[in-house]
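Only one structure is covered here, and it is reproduced in the block below.
The values are calculated or read from the model by the stated rules, or taken from the named source; none is laboratory data. A quick note: this is a predicted structure, and the numbers were derived from the prediction, not measured. Glycine gets a Cβ as well: all are built from the backbone with ideal geometry, and neighbour counts include every protein chain shown. Only protein heavy atoms, including side chains, enter the accessible area calculation; ligands, DNA and RNA are left aside. Shrake-Rupley method; radii C 1.70, N 1.55, O 1.52, S 1.80 Å.
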Protein chains: 2
Amino acid sequence: MSEVLRLGLVQMRMRTDPEANLHAALDGIREAAAQGAEVICLPELFRSPYFCKTESAEPFALAEPVPGPTTERLASVTAALDVVVIASLFERRARGLFHNTAAVLDGAAGYVGKYRKMHIPDDPLYYEKFYFAPGDLGFRTWKTSKGTLGVLICWDQWYPEAARLTALQGAEVLFYPTAIGWHPSEKAEFGTAQREAWVTMQRAHAIANGCYVVAVNRTGFEPVMLDDLDAEREGRGIEFWGSSFVVAPDGTVLAQAPENEAAVLVAEVPLGAIDEQRTGWPFLRDRRVDAYEGLSARFLD
Amino acid sequence: MSEVLRLGLVQMRMRTDPEANLHAALDGIREAAAQGAEVICLPELFRSPYFCKTESAEPFALAEPVPGPTTERLASVTAALDVVVIASLFERRARGLFHNTAAVLDGAAGYVGKYRKMHIPDDPLYYEKFYFAPGDLGFRTWKTSKGTLGVLICWDQWYPEAARLTALQGAEVLFYPTAIGWHPSEKAEFGTAQREAWVTMQRAHAIANGCYVVAVNRTGFEPVMLDDLDAEREGRGIEFWGSSFVVAPDGTVLAQAPENEAAVLVAEVPLGAIDEQRTGWPFLRDRRVDAYEGLSARFLD
């Protein structure tokens, strides 16, 4: 099979101004498309610094309807370039009700749907449960003009259930817009193992499901408080680790962006490799679907 | 927490004679115990060459009840050494009904239960569906005198569902007796990616579930036909890749055996690392158990 898909990853370093980030994203999309990318993914919550480092009412002002102003501006670009874009946005669903959402835009059709992050973290500097209601649209896959694509978001990446449920809908590629980095105080001792765990999990999703996996992260240090000029020197913030990557169905990392720079990465992937992997190692055939009901329990004690 | 568990892995090169393999296994258990191991795991189907390379009636003569003669002989050793042993056996359940089964033996108590392989492969040279009925005991974890242990077998290792369902029962360590190797004709092109996929999947089980994972493989070349003296030179068989390993809850490979030799590996692991990993990265907390019912479908088309 000679069918190929060209995947574009836009790894960004965020600025404070949402408009500047949108411009950088649009530039990244254009650059990826110029390199041949047909499906282009942006990092999680690409319009702003990662605001979940504190719990504050202020960031809610950043939220917007989905579809809404940002998807409209992206749609004019997807139409002009004939590309699919996966865009992670802070969704305002109703007064006081918000989601961490990814929109899918497909060429001239523009906005075609959204996924609302199902697994919401809450950890030091990642206080997402304060901002986002858990998704209620389930796990989703879209048949776009470029391929059948599944979309998940960041913390979802740690859940084999999420990857499986998306792949079972026919996704040829799983996309994970992401915002993950180091606590500077932990980096020396745990940094390598943490980033390697992140890559390992997503390689495993590719292997277990015999599909491609794409993770698109942000990069750069972001302080907890924007006006804290000593934050970086004294480690009060998150050092996002970039390293966005593409994994093949056999678990091989095909391409990886650098750690510390904004980057546009384009990878051409043969879709026939999905058939080859799944027929060579036919895991989907042998799933014991009669014996998995316990997966719906919190714990089996 | 200072609680530790000492894990023993007995990587074996099989001989034709089942009695010789049992002796080698007993020697390996004694050696592991002498090095301090408290829980010791043998490779899959350790009493014989891997007979599933062909479909033939002859190997059924190797099968035995579980518990049965082999568990009796192992029990005298577990009692004498006060160790837990996980032993993979060819189980004869009834006339013409067989399973790929792992027995758990616990010190003086001897045989305490068994797991019947749930996911059965069927691929060139791994014709297991001919020999083994799929397991019907579900996924299992035992509270042994040494720790809470989950047991799975080889092909199960590719299924995140299996690891999860075992871990949800409280397993601190997931053990995978295994028989995996290269088709010699594929080794040059795919060998590295295949073995790396195998390690990656099990590292991911450790990360996703925040527990230890142990894989115990056999090593050495085994011909398809025992009387084929040119088999190894001409590549008619399986080159089992050894490389048995222990993974920590953060996904780090703590210890790994060589590729080409029988080996006894002992790793001392702190159980407190399970708490640390699960509280630092609290994946079990955020599982969307309301949204996983689709996992019981073959495919969501």
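Specify the residue that is nearest to the other protein chains (Cβ to nearest Cβ); the eligible residues are those in the range B:183-198 that are of a type in the set (Gly, Ala, Ser) and touching a Phe, Trp or Tyr at 6+ places or on another chain (Cβ under 9 Å).
Step one: list which residues in the range B:183-198 are of a type in the set (Gly, Ala, Ser), which gives B:185, B:188, B:191, B:193, B:197.
Right, trim to touching a Phe, Trp or Tyr at 6+ places or on another chain (Cβ under 9 Å) and you get B:191, B:197.
Details: B:Gly191: 12, B:Ala197: 4 Å.
So, considering only residues that are of a type in the set (Gly, Ala, Ser) and touching a Phe, Trp or Tyr at 6+ places or on another chain (Cβ under 9 Å), the one nearest to the other protein chains (Cβ to nearest Cβ) is B:Ala197.
State all residues of the range A:191-204 that are open to solvent by 40 Å² or more (accessible area, probe 1.4 Å) and under 28 Å from A:Phe90 (Cβ atoms); if no residue qualifies, say none.
A:Arg195, the sole residue that qualifies.
What about B:Tyr115, is it crowded, with 19+ Cβ neighbours inside 10 Å and either in contact (Cβ under 8 Å) with a residue 40 or more places away in the chain or of a type in the set (Asp, Glu) (or both)? Full working, then the answer.
Details: crowded, with 19+ Cβ neighbours inside 10 Å: yes; either in contact (Cβ under 8 Å) with a residue 40 or more places away in the chain or of a type in the set (Asp, Glu) (or both): no.
No.
Taking the range B:282-294 on its own, how many of its residues are in a loop (DSSP other than H, G, I, E, B) and either open to solvent by less than 50 Å² (accessible area, probe 1.4 Å) or under 15 Å from B:Val214 (Cβ atoms) (or both)? Give the steps one after another, and end with the answer.
Initially, the range B:282-294 is screened for residues in a loop (DSSP other than H, G, I, E, B), giving B:282-283, B:287-292.
When the remaining residues are screened for being either open to solvent by less than 50 Å² (accessible area, probe 1.4 Å) or under 15 Å from B:Val214 (Cβ atoms) (or both), the result is B:282-283, B:287-289, B:291-292.
Qualifying residue count for the region: 7.
Based on this model, can you work out whether A:Arg93 counts as at pLDDT 95 or above, among the charged types (D, E, K, R), farther than 24 Å from A:Glu222 by Cβ and more than 16 Å from the chain's Cα centre (by Cα)?
Details: at pLDDT 95 or above: yes; among the charged types (D, E, K, R): yes; farther than 24 Å from A:Glu222 by Cβ: yes; more than 16 Å from the chain's Cα centre (by Cα): yes.
Yes, satisfied.
In the range B:255-276, what residues are within 14 Å of chain A (Cβ to nearest Cβ) and open to solvent by 30 Å² or more (accessible area, probe 1.4 Å)?
B:Glu276
A quick yes/no check of all residues on (1) surrounded by fewer than 24 Cβ atoms within 10 Å (Cβ to Cβ); (2) within 26 Å of A:Ile274 (Cα to Cα):
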position: A:Pro134; (1), (2): yes, no
position: A:Gly138; (1), (2): yes, yes
position: A:Trp142; (1), (2): yes, yes
position: A:Gly147; (1), (2): yes, yes
position: A:Leu152; (1), (2): no, yes
position: A:Gly170; (1), (2): yes, yes
position: A:Trp182; (1), (2): yes, no
position: A:Glu189; (1), (2): yes, no
position: A:Ile207; (1), (2): no, yes
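Tell me which of these B:Tyr131 doesn't satisfy, since it passes every other one: (1) farther than 18 Å from B:Pro65 by Cβ; (2) touching a helix residue (DSSP H, G or I) at 6+ places or on another chain (Cβ under 7 Å).
Unmet condition: (1).
Between a first residue in the range B:22-36 that is under 14 Å from B:Ser48 (Cα atoms) and a second residue that is surrounded by 14 or more Cβ atoms within 10 Å (Cβ to Cβ) and among the aromatic types (Phe, Trp, Tyr), which pairs have beta carbons less than 9 Å apart while being 6 or more apart in sequence or on different chains?
B:Leu22/B:Phe46; B:Ala24/B:Phe46; B:Ala25/B:Phe46
Okay, residues lined up against (1) out of contact with any strand residue (DSSP E or B) (no Cβ under 7 Å at 6 or more places or on another chain); (2) open to solvent by less than 20 Å² (accessible area, probe 1.4 Å):
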| residue | (1), (2) |
| --- | --- |
| A:Gln35 | no, no |
| A:Glu55 | yes, no |
| A:Val66 | no, yes |
| A:Pro69 | yes, no |
